[in-house]
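A.B. asks: First the structure, then my questions, so here it is.
Bear in mind these aren't lab numbers, they're just calculated from the coordinates by the rules spelled out. Treat the numbers as computed from the prediction; the structure is a model and nothing was measured. All Cβ positions, even for glycine, are placed from backbone atoms using ideal geometry, and neighbour counts span all protein chains on display.
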Amino acid sequence: MNDDGLTIWLTGLSGAGKSTIATLLASRLIERGAAVEILDGDEVRTNLSAGLGFSKEDRDTNIRRIGYVANLLTRNGVHVIVAAISPYRAVREEVREKIGRFLEVYVECPIDVLADRDVKGLYRKALAGQLDHFTGVSDPYEAPQRPDVRVNSSAETVEESVAKVLIAIDDLGQPDLATGTDG
Ligand code: ADP
C-alpha cells in the first residue's frame, strides 16, 4: 500500500450526488487498503463550521476550514474525500495549491433534474423565490473550467461516476492502489 495521501474534492450543486458518490468511492478505496476520511459539507457545517452562514465570506471560510483539515490528513497518508458545494472558484484553487495532491471532481447535474429530485425540498422553495442564498438558483455557482474529473449524475450511474474517479486516482501513479489487494 502506497503511503501517499490525496484529497479528492467533489464540487457541485446541492443534490447533484456528491455525498452518494463519496460514500461509494470511500468503500472502493477502503477495499484497496487506503485510509479514508469523508468531509461532508452538511456534517462540517454542524461541527467545524457551526455558526457560519451562506454569504460569500462565510462560504469561503467554510471551504478554507475544510481545506485545512484535508491538508493535515492528506500529508499523513489519508485519502480525504470532500463533498461540499464549494461554489467559488478562487477558494477552490487556493486549497488545491495548499494541498498539492488534489483531484477536483465536478459533479454535474442539470438544474431541472435537481428540481425533480429535490431531495431536501429546497429547489421548490428556491425556484418559487422563497429561499435566498440557494446555490444555483439564488446564489452563484462557479463551475470548474478544467476539473480533473467530470461526472454527470443525470447521465451515469453512481458506479460509473466512481469508476471515473478511480481511473483518475490510478493515473496519478499509485501502483498499489491500482492493483488492489485481492488479486
Ligand atoms: P449532494 O451531496 O450533492 O447534495 P446527495 O448525494 O446527497 O447530493 O443526493 C443525490 C441524490 O441523487 C441521492 O438521492 C441519490 O440517490 C440520487 N442519485 C440518482 N442518480 C445518481 C447518480 N448517478 N449519482 C449520484 N446520485 C444519484
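A.B. asks: Mind counting the residues in segment 1-58 that are within 15 Å of the ligand (Cβ to nearest atom), on the phi < 0 side of the Ramachandran plot and either among the basic types (Lys, Arg) or touching an Asp or Glu at 6+ places or on another chain (Cβ under 8 Å) (or both)? Walk me through it before giving the result.
C.D. replies: Going through segment 1-58, the residues within 15 Å of the ligand (Cβ to nearest atom) turn out to be 8-28, 38-46, 54.
Filter again for on the phi < 0 side of the Ramachandran plot, leaving 8-11, 13-14, 16, 18-28, 38-46, 54.
Then keep just the ones that are either among the basic types (Lys, Arg) or touching an Asp or Glu at 6+ places or on another chain (Cβ under 8 Å) (or both); that gives 9, 11, 16, 18-19, 22, 24, 28, 45, 54.
Selection size over segment 1-58: 10.
A.B. asks: What are the residue pairs meeting all of these: first residue in segment 88-99, first residue outside any helix (DSSP H, G or I), second residue of a type outside the set (Gly, Ala, Ser), Cβ atoms under 8 Å, and 6 or more apart or on different chains?
C.D. replies: So the pair list comes out as Tyr88/Lys56; Tyr88/Arg59; Tyr88/Asp60; Tyr88/Ile63; Tyr88/Pro140; Tyr88/Glu142.
A.B. asks: If a residue has to be of a type outside the set (Lys, Arg), within 14 Å of the ligand (Cβ to nearest atom) and in contact (Cβ under 8 Å) with a residue 24 or more places away in the chain to count, how many in segment 111-136 make the cut?
C.D. replies: Residues in segment 111-136 being of a type outside the set (Lys, Arg), within 14 Å of the ligand (Cβ to nearest atom) and in contact (Cβ under 8 Å) with a residue 24 or more places away in the chain: 10 in total.
A.B. asks: Would you pick out the residues in segment 147-173 that are over 13 Å from the mean Cα position of the chain (by Cα), within 18 Å of Ala84 (Cα to Cα) and not polar (S, T, N, Q)?
C.D. replies: Matches in segment 147-173: Val158 only.
A.B. asks: I'd like to know if segment 33-50 contains one or more residues that are touching a residue at least 60 places away in the same chain (Cβ under 8 Å) and out of contact with any Lys or Arg (no Cβ under 6 Å at 6 or more places or on another chain).
C.D. replies: Filtering segment 33-50 for residues touching a residue at least 60 places away in the same chain (Cβ under 8 Å) gives 33-34.
Retained after the next criterion (residues that are out of contact with any Lys or Arg (no Cβ under 6 Å at 6 or more places or on another chain)): 33-34.
Yes - at least one qualifying residue is present in segment 33-50.
A.B. asks: Could you tell me which residue of segment 137-157 is nearest to Ala26 (Cα to Cα), considering only residues that are out of contact with any strand residue (DSSP E or B) (no Cβ under 9 Å at 6 or more places or on another chain) and within 11 Å of the ligand (Cβ to nearest atom)?
C.D. replies: Thr157
A.B. asks: Only one of Asn62, Asn71, Asn47 is exposed (fewer than 14 other Cβ atoms within 10 Å of the Cβ), polar (S, T, N, Q) and more than 16 Å from Ser19 (Cα to Cα); which?
C.D. replies: Working: Asn62 fails: exposed (fewer than 14 other Cβ atoms within 10 Å of the Cβ); Asn71 fails: exposed (fewer than 14 other Cβ atoms within 10 Å of the Cβ).
Result of the check over Asn62, Asn71, Asn47: Asn47.
A.B. asks: Scanning for something more than 21 Å from Leu172 (Cβ to Cβ) and either over 16 Å from the mean Cα position of the chain (by Cα) or buried (at least 18 other Cβ atoms within 10 Å of the Cβ) (or both), does segment 100-108 turn up at least one residue? Before the answer, list the steps.
C.D. replies: Step one: list which residues in segment 100-108 are more than 21 Å from Leu172 (Cβ to Cβ), which gives 108.
Those still in the list that are either over 16 Å from the mean Cα position of the chain (by Cα) or buried (at least 18 other Cβ atoms within 10 Å of the Cβ) (or both) too: 108.
Checking segment 100-108: at least one residue is more than 21 Å from Leu172 (Cβ to Cβ) and either over 16 Å from the mean Cα position of the chain (by Cα) or buried (at least 18 other Cβ atoms within 10 Å of the Cβ) (or both).
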